[in-house]
Amino acid sequence: LGEDIVYLKGDLGPVATAIPWRTFCALNLTPVLALAGAVGWKRRSDRLRGDVAYARRSRAARAARKQLAAATNCNDVQHALQNYLGDRLNIPASGITASVADERLLPGKVREVFEACDAARFAGAAMDLAALKQTVEQVIDELERADL
């Protein structure tokens with residue numbers, strides 16, 4: 001009697017206590033979290049490939065800041081702002097002027113930047129390029145927060 005039946009073990013032994021409980025749970029959750037991250041990344045990449053407006057909108061601020069950092073004159077600053085607004089609003093960048101900014105109900109600073117750049121280009125007005133870049137940065141930040 002008792003030799004043919006293997007009873008339940010009360011003590012799990014040294015192997016079970018070698019790995020702490022939190023480490024065990026973390027190791028088991030890692031593949032699940034990796035799978036969830038991969039699915040999220042795949043969905044985002046599919047959306048970027050399929051939705052042109054979303055892709056333009058998502059890269060607008062980063063591209064505009066890069067153009068703005070490389071800007072050496074008012075014309076470059078105006079092009080950076082036009083390209084940002086074109087990507088953000090999903091319209092052609094070349095057609096964006098101060099009147100388009102008014103039609104789209106954009107902040108007043110956008111019109112001021114366009115007018116200052118036009119005055120510098122066509123009337124030869126003196127322009128502080130650093131201040132103009134700072135204003136465009138503020139416009140980009142404000143429009144990113146507004147989430148048009």
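The values are calculated or read from the model by the stated rules, or taken from the named source; none is laboratory data. Because the structure is a prediction, the values reported are computed rather than measured. Cβ coordinates were reconstructed from backbone atoms using ideal geometry, including for glycine residues, and neighbour counts include every protein chain displayed. For the accessible areas, the whole protein counts, side chains as well, though only heavy atoms, and no ligand, DNA or RNA atoms are used. Shrake-Rupley method; radii C 1.70, N 1.55, O 1.52, S 1.80 Å.
Here is how the numbers come out for the structure above:
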read-out	value
Test: residue in the stretch 71-94 that is open to solvent by 40 Å² or more (accessible area, probe 1.4 Å), of a type in the set (A, V, I, L, M, F, W, C) and out of contact with any His (no Cβ under 6 Å at 6 or more places or on another chain)	no
Restricting the stretch 125-140 to residues that are open to solvent by 60 Å² or more (accessible area, probe 1.4 Å), more than 11 Å from Val77 (Cα to Cα) and of a type outside the set (S, T, N, Q), the residue that is farthest from the chain's Cα centre (by Cα)	Ala126
Selection count, the stretch 35-79, where residues are assigned to a helix (DSSP H, G or I) and among the acidic types (Asp, Glu)	2
Failed item, numbered, when Ile91 is tested on (1) part of a helix (DSSP H, G or I); (2) farther than 21 Å from Thr135 by Cα	(1)
Subset tally (residues that are open to solvent by less than 30 Å² (accessible area, probe 1.4 Å) and touching a Lys or Arg at 6+ places or on another chain (Cβ under 8 Å)) for the stretch 95-124	2
Sole residue being of a type in the set (Val, Ile, Thr), open to solvent by 80 Å² or more (accessible area, probe 1.4 Å) and over 30 Å from Pro92 (Cβ atoms), chosen from Val39, Val6, Val52	Val6
